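Some notes on the structure that comes next.
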Amino acid sequence: MRSFVHLHTSSAFSAHFGVSWPQEMVEAAAVDGDALGIADRDGLYGAVKHVKACMAGGIDPIIGVDLAVLEEGAGGLETAGRVVVLAHGGTLLPAGTGYGALCRLISSAHAQPGNRVGLTLEQLAAGVLDSSSGKPALTVLLGPDSPVARALNGNRYLLPRTRFLKWRAAMPVGSMVVEIVSHQSTPGAPMSTAHAVRMLKLAQEFDVPAVLSNAVRYAREVDAPTADVLDAARNIAPLRALDRHEGLQRTGRAWLKSAADMSVVAREVIHQGGWGGAELRQLWANTAQLADKCRLDPVADLGWKTPRTPESQVLGLSQPATAELRQRTEAGLNRRFAGLRGEKLLAVRHRLETELTTISGLEFDSYFLTVAEVSEMIRSMGVRRAARGSGASSLVNYLLGISAVDPIANDLLFERFLSRDRSTLPDIDLDVESAERHNVYRRIFERFGSERVTLMSMQNSYRARGAVRDAGLALGMDKGEIDRIAKQLWRFSAGSFREALEEKPELRDFAARVRESRELGGSHREYDAFGTDGSELPDGTDGPGIHDGGGLDGGRRGGAQLDLLVDLTERLDSLPRHISMHPCGVILGDAALLDRTPVQPSGMGLPMSQFDKHDMDAMGMLKLDVLGVRMQSAMAYAVREVIRLHPSKEAVAAEGGHAPDAPFIDGTGAIDLDAVPLDDEPTFELIRSTHTLGCFQIESPGQRELVGKMAPAEFNDLIIDISLFRPGPMQSNMVKPFLESRAGFAAEHYPHPDLIPALKETHGVTVFHEQVLRTFHVMTGCTLSRADEFRRALGKEDLEPAVEAYFREKTAARGYTPSVIDEVWGTLKAFGSFGFCKAHGAAFAVPTYQSAWLKAHHPAEFLAGLWEHDPGMYPRRLLVAEARRLGIPILPLDINASTGEYRAERTPEGTTGIRLSLAGVYGLSGTELKRILAAQPYDSLADLRDRARLSRPILKRLAQLGALDSLHSKAKELTGNTANRADLVAHVNSLPVRAANKRSEPITGQIPLPMEDVELGALAAEHPAPGMAETVRTELDLLSLDVSEHLMGSYAPYLDALGVHRAEELLGLRNNTEVLVAGVRIATQTPPMRGGKRVVFISVDDGTGCVDTVFFTEAQEKSGPLLFGTRMLLIRGLTRRTGPRGITVQALEAWDLHDTASLPGTVEVPRTAGIAQGTGVAGIPPVLVGARRTDTIEEAHSNPRMLLGQGAVHDKQGVTSASGYTDHH
Amino acid sequence: MGIFSEAVDVMYSAQGEPAQLVWHGTVYDVAPHPLCWYERRPWWERDERLPPGTGVGAVDTQIWRMVLSDGGAPPFSLDVAHYRPAGRWRVIKVYDAEDSFRTDGALDGADDDPLEGEDIDPLDGVDDFCPGPGEGLDGA
């Protein structure tokens, strides 16, 4: 069969529409075609992946878009249909013209008023022309969903012709073809052959060329049901409601058909239209001809892998970038290494020379200058920033001020960051204060011009929970039931749902229901079976045309669909759902950037590219990661609070216990955290105490355990600590030998004396990538940059054997013994691929140290910063306990003393406490908050009502939380009134609903007369004062905090009766003691484990501290559904001592504290226990109070907070350590 | 016109179109170029399983409209459903001989003159011989 080129293929990157990945499409197309066109919906979301796949598959890429057409309707612009627009290649026009026009066309389609996406016919007609030559750069395909084809419905004659004429008149000559598609639906329906015939007749009648396509949505016929499910998800409606309507595909014939199958379709159209061979050949030839016109050359048309940076005049350069970079780094050298002389200076100069040569050889000079420009701009904004990642390995970055880590002192290798052996662009990541991130982005746009800058996007894909929800929606299942199922899905991909059903204890109940439904389904089986084979048709109910499931006796009820639910969930696995702004990527280019990527508005308003991080390197796009880090905001906030309370150098030094002449404090009391010496003893003492809650990177249970054992004494220890705390080192059991050697329990072991210099700092254990590089370098004599290439090949099945062969040959030739070679290779093979880059560790260690320093010297201000910016892995309520432990008073909410922030406040007793913020009150709107703040202080309840104009519910909440107590007690002092808070709440509740009465507002500028609060002074004292349990419940409901007492407080009698141990008591117990512990879940982690067995780590908080528990397979089996769903837990287990200050509990069994019937013992659970359910009066979702859940590592990486290692990354890996060196398995 | 649901056997031509049909022991010749289309089926109510990698014939059912003759009686038409992946054939609708309609090449002679006063395409004759999507089975 002749070859056929599909011009219209929507990939999986057409969210909620396309089913197959570009590479699947290309594989199918390459069988009998030599090109493939992608046309994703409203964007180029899959285009770069498509080009990559085409290049790999040896066929030509064609790029287009499936774009909405807008028409003016009753309610403004409305979608009137869709057309495909293809970019022309460089045969008739200068290369890149067609692709550039397509990018701009798509961007303009996303710039319509009212968030409409699409173009009007006029805009389309204007956009297809190349502005410089006036020739068409794009071809529009008027297909089966176009406004013209839509007019064919109802067999109208004139309307389609009128519309066609309008299109032909508007579109420039040679820019439009008719797209003939038949999905062989019911004759006369849309997508039927009859419709295709009519379109072809119109094309003939008006002399417009016609091409053949299949409007492809999936690669294979078997993928058709998945498209149905996506149709349901897109329309947010069950399949049965969609059926026969526009939203559902007409048939399942939209796969990437072979040339032979396409020929059958073409022949049917030609035959039914009464045409013959000439017309058939013409249709086929037109298609091939358009394909030829649109073939793209990745390099010439797209600028494949050709980096573009802002032009030198934008950077303000008066000399070539190479010379500028040399000059600036020279200046940096004199500044950073002012005291260096002789050999040492020579070594630094030599390093600089190597780096500069490499950089200019790769022509990346302007990239470094661009990053330096951004970094300096952020500094000048007064925003904290820090370089992160392997960029810290570069001396150039250090000298330009991009990075604060000295790569010479920390022994970091440039080759790990950049080398001539690597063609990919380097990544330099900048951390900034999270609260300032958007401002920084805006300034970057201003500085470089919006034509050179855009944000990067990211694809959000179906994971198990989202997939099961949408599959359930498609099947029309009960939403509550689907929710309950979704909540049980924990950390596996949707694609392995069925496998998970067999294995995971928490899915046991669900699995049983699936089996049950299968048995129930047996009654349907006789007639279900003919569904696809027609073997039995007793009542003739299957076959075509039965669509309304509603009244059908075969309609499934209740659980009967569960088996199908599992299958559909698996089908949705990892399909893209939507794009959103990447948490940190900013793309910087030259003035032609918007000819190379389409952009669309992001959530924050700034434009974002339709390309994601996987597309950057291929498109030669320079991506700068500017990541918002909450800890940086928290630290900046803490420093500001320190100055606010202590506005002089002397006061700050006295408060923080610093030397009076400490150089890092300026005259105003401002602390320069980056200037704080890295050898502060109280800071390391704090870290060793393991009271590191709130400290960057080292607050998770596992990290607290590790720092306790490792007892860091200097900055380099922190780098090692952070680097050890990764899945790789944990899984390879590197931690134990390291700790033993460090403690002197075991002799340090080196495979060969040559390796001592490289491995000394980690006692012979290979921890860092840098050590892997040095090992290769020392033992084989290869260059460090070559060594980095070898390192990258480790763990890759196709590449590793060659590395091993090279390693063995070279080392043997250099005289190493076989046993040494075997041992070293074993180490390289095991850790090389996932060890940690020391530069990363060093960059992370800086904020770790700084946060610990603040906690050691200015704890109240630091905690206030944590409270305000919430950077950590734990819920805020855990900080209450930490404040209690530190003796820092938590000052209650007060209508006059509280602000919209968590502020440090001097107490009358002379200590510093933390005043709760009004912003934390549930349901208080931003406007109400502003009004309260604007009119503070208030001298009476009436004053508050009049000037803050609060709604009654908010006033009531404030009263319940005690925020009005100060007004009340003042009035009581004057009158001797004895009413309590309950009386106050009752009174507020009885007030009339506030009418918006302008007259009652005081005239602006009028000073309210100080007067007695008659109202509060005369309150009737008739209600009992609220008890502690009620107060705590109110606090949890309205503030998500248990301030007055820990929420476990009310369980105390029950727990005591059971003999439950408190967290603070555990350290005093012997190893292997059987205990009962209880508490509120604060963290759950399921880190990847050696051997593949899942281990679940659950930390609970009982008011005296955290208990870290670990559930192995058997305990998971016993606990089943409790593992992930339950918040208040009672756990039986054995104590496991992990170090001098660390103890964990190996769980044997767990109970839900609320499921009273199941609990051991006969003691009645206190009535107030319900407070922790979080479903109290205000209806706060439990998640507000509960632990911050973290799912998988992958999820962590797509989550900005986790990327920082503030959430799952470190804590998940952290708990790995719990098993990593307590030898539980 | 009658409603049926009976199994039949179909033999293909070299071009992949039904050429002969065996019904009640009689072998009929199928006139060339039988009309073929696909009708949706509500798989979510019918199928118990649809794991990834399966699903041919789940979303739609192949329908053929054939004109049959056995050389004797006048030709008549029927609609036959082809159930995949099992490959079974069932008659779903039989047209009496007097149900005259154009089948093969029905569109050939279509006249493009619009009907006076109405925006109706003359090709709508197509619909005359198309059953409603449910017709032929609902009443069974």
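The numbers here are math on the coordinates, done by the rules we state, and not lab data. Since we're looking at a predicted model, the values are computed, not measured. Please note: Cβ atoms are built from the backbone with ideal geometry, for glycine as well, and neighbour counts cover all protein chains shown.
A compact table of results
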| item | result |
| --- | --- |
| For the stretch B:9-16, Karplus couplings with θ = phi - 60° (6.51, -1.76, 1.60), whole Hz, Gly/Pro x | 10, 10, 10, 8, 7, 4, 7, x |
| Cβ-based exposure ranking for A:F17, A:F696, A:F664, in which fewest neighbours within 10 Å come first | A:F664, A:F17, A:F696 |
| Distance in nm between pseudo-label sites at A:T354 and A:E1022 (7 Å out along the Cβ direction from Cα) | 8.5 nm |
| Label-to-label distance, nm, for residues given as A:H1154 and A:E909 (7 Å Cα→Cβ offset) | 3.5 nm |
| Helix axis angle, A:365-380 relative to chain A longest principal axis, alpha carbon, degrees | 40 degrees |
| Within the stretch A:180-204: backbone nitrogen closer than 20 Å to the B:A31 label point (7 Å, Cα to C-beta) | A:187-188, A:193-194 |
| Extension gain, A:A260 back to A:D754 (0.36 nm per residue minus Cα-Cα distance, nm) | 171.3 nm |
| For A:G81, distant residues with modelled amide H under 5 Å away | A:V69 |
| Exposure proxy ranking, count of Cβ atoms within 10 Å, fewest first, for A:L345, A:L7, A:L124 | A:L345, A:L124, A:L7 |
| Computed lengthening from A:E650 to A:L129, 0.36 nm per intervening residue step minus Cα-Cα distance | 180.6 nm |
| About the Cα centre, charge dipole magnitude for the stretch A:737-830 (Lys/Arg +1, Asp/Glu -1 at Cβ), debye | 200 debye |
| On Cα atoms only, tilt of A:508-520 relative to the major axis of chain A in degrees | 40 degrees |
| Crossing angle, helix A:193-205 versus chain A [Cα axis fit, 0-90 degrees, rounded to tens] | 70 degrees |
| Sequence-distant residues sharing a close amide H with A:M608 (under 5 Å, placed H) | A:L455, A:Q600, A:S602 |
| Reachable lysines from A:K479, criterion Cα separation under 28 angstrom, eight or more residues apart if same chain | A:K487, A:K504 |
| Residues A:M199, A:M25, B:M11, sorted so that the one with the fewest Cβ neighbours within 10 Å comes first | B:M11, A:M199, A:M25 |
| Long-range amide H partners of B:W23 with built H, under 5 Å | B:Y28 |
| 23 Å Cα-Cα reach of A:K970 towards lysines, excluding residues that sit fewer than 8 places from it in its own chain | A:K956 |
| The stretch A:22-302: Lys pairs at Cα distance under 26 angstrom, eight or more positions apart or on different chains | 11 |
| In order through the stretch B:23-36: 3J(HN,Hα) via Karplus (6.51 cos²θ - 1.76 cosθ + 1.60), integer Hz, x for Gly, Pro | 9, 6, x, 9, 9, 10, 8, 9, 4, x, 6, x, 6, 10 |
